Amino acid sequence: MKYSQDIPDLSIIIPIYNEEENIAELSGRLADVLEKLGTFEIIFVDDGSKDESWKIIRDIHEKDSRIKGLGFSRNFGHHTAITAGLDYANGNAVILMDGDLQDIPEEIPRLWKKFNEGYDLVYGIRKEKKDSMFKNISSHIFWWLINSLSGIDIPRNQTLLRIFDRKILNVLKDMRERARFIHGMIAWTGFRTTLQEVEHAPRKHGVSKYNVVKLFRLAFNAITSFSTLPLRLATYFGILSAGIGFFIGLFFIYKKIFLGIPVLGYASIIVAILFMGGIQLLILGVIGEYLGRVYQEVQARPIYIVREELF
Ligand code: UDP
Ligand code: MG
């Protein structure tokens with residue numbers, strides 16, 4: 001972790017994975033906007049890009065030392081890159097944004113104004129979504145699931161663009177879990193929070209770096225780190241199937257004793273075995289998932305590995 005002497009008003013943290021076409025424009029537009037607000041540092045976190053991203057960050061840093069860079073040894077993921085940026089940030093307030101120009105630099109003054117009305121955290125909420133249909137539907141399901149399982153209120157339609165106080169930064173730095181879901185972690189901290197509508201653009205250059213596998217992993221991280229409800233499923237299924245079994249049993253006894261009808265049952269036995277077997281395997285899988293998380297935490301490996309710093 002790195003602490004410098006002077007504390008800027010703002011630290012902007014931007015995760016970068018193969019964004020060579022976006023970095024220069026983003027950094028130029030950001031600097032124009034931020035100069036009017038106060039002193040600042042921009043931290044680009046290169047999450048193991050395979051293109052020229054790191055070279056571009058280095059060139060910009062050489063011309064302007066307020067633009068800083070962290071290069072990972074390999075790809076660790078979006079939320080891990082943000083984590084590293086948080087660890088290195090020095091500012092009195094922190095701004096997070098994506099590096100693909102979907103979060104628009106010119107919207108920052110609106111957030112800043114709201115922030116200065118006395119809030120600790122201002123979320124950028126997108127008015128309309130400019131993503132594909134698949135993306136919109138999957139993100140709808142994702143936020144619904146997270147909000148209903150986690151028990152914390154994580155504002156929907158939030159973009160990564162947000163501004164928050166050093167108080168929240170300090171709490172986030174203390175949260176060292178390996179399964180990282182930044183949106184949930186920030187909501188979990190509490191504090192005085194408000195929403196601000198912002199424009200959200202379609203991706204300027206390049207393609208989305210999320211695929212179905214990465215999205216699933218994020219959803220799993222999100223659910224397992226904010227809810228133990230899946231673990232309790234075993235209890236609920238158990239109560240349900242024991243209840244059903246009990247009443248079916250009563251029904252068969254009644255039939256045999258009072259009506260004299262013998263119970264035939266090959267098919268019903270097969271169905272019951274398959275049903276119970278399926279539920280047991282499902283529950284075993286859920287327990288395994290949590291056990292895996294515990295194992296990762298116990299290993300206590302570093303959350304990310306920095307290859308190069310430009311500070
Ligand atoms: N990103 C990253 N590591 C990854 C994937 C993405 O740092 O493994 C960065 C990416 O460069 C971008 C931001 O995270 O700045 C959001 O990614 P993307 O735009 O691909 O996600 P989407 O907007 O499609 O959800
Ligand atoms: Mg994007």
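Of note:
- Applying the criterion of at least 1 residues that are in contact (Cβ under 8 Å) with a residue 12 or more places away in the chain, surrounded by 12 or more Cβ atoms within 10 Å (Cβ to Cβ) and under 18 Å from the mean Cα position of the chain (by Cα) to the helices (runs of 4 or more DSSP H) found wholly in segment 206-299 leaves 212-226, 266-299.
- Of all residues in segment 92-101, one or more are surrounded by fewer than 24 Cβ atoms within 10 Å (Cβ to Cβ), modelled with pLDDT of 95 or more and within 9 Å of ligand 1 (Cβ to nearest atom).
- Here segment 35-48 is the region considered, the condition is being under 25 Å from the mean Cα position of the chain (by Cα) and either of a type outside the set (A, V, I, L, M, F, W, C) or within 16 Å of ligand 2 (Cβ to nearest atom) (or both), and the residue that is surrounded by the fewest Cβ atoms within 10 Å (Cβ to Cβ) is Gly48.
- Restricting segment 90-103 to residues that are within 17 Å of Val122 (Cβ to Cβ) and not charged (D, E, K, R), the residue that is farthest from ligand 2 (Cβ to nearest atom) is Asn92.
- Subset of segment 49-76 [part of a loop (DSSP other than H, G, I, E, B) and surrounded by fewer than 21 Cβ atoms within 10 Å (Cβ to Cβ)]: Lys50, Asp51, Glu52, Asp64, Ser65, Arg66, Ser73, Arg74, Asn75
- Summed over segment 102-119, the residues that are more than 22 Å from Met185 (Cβ to Cβ), within 16 Å of ligand 1 (Cβ to nearest atom) and in a loop (DSSP other than H, G, I, E, B) give a count of 1.
- Criterion violated by Met133 - all others in (1) aliphatic (A, V, I, L, M); (2) more than 15 Å from ligand 2 (Cβ to nearest atom); (3) within 21 Å of the chain's Cα centre (by Cα); (4) crowded, with 19+ Cβ neighbours inside 10 Å satisfied: (4)
The values are calculated or read from the model by the stated rules, or taken from the named source; none is laboratory data. Owing to the predicted nature of the structure, the values given are computational and were not obtained by experimental measurement. Note: ideal-geometry Cβ built from the backbone for every residue, glycine included; neighbour counts use all protein chains shown.
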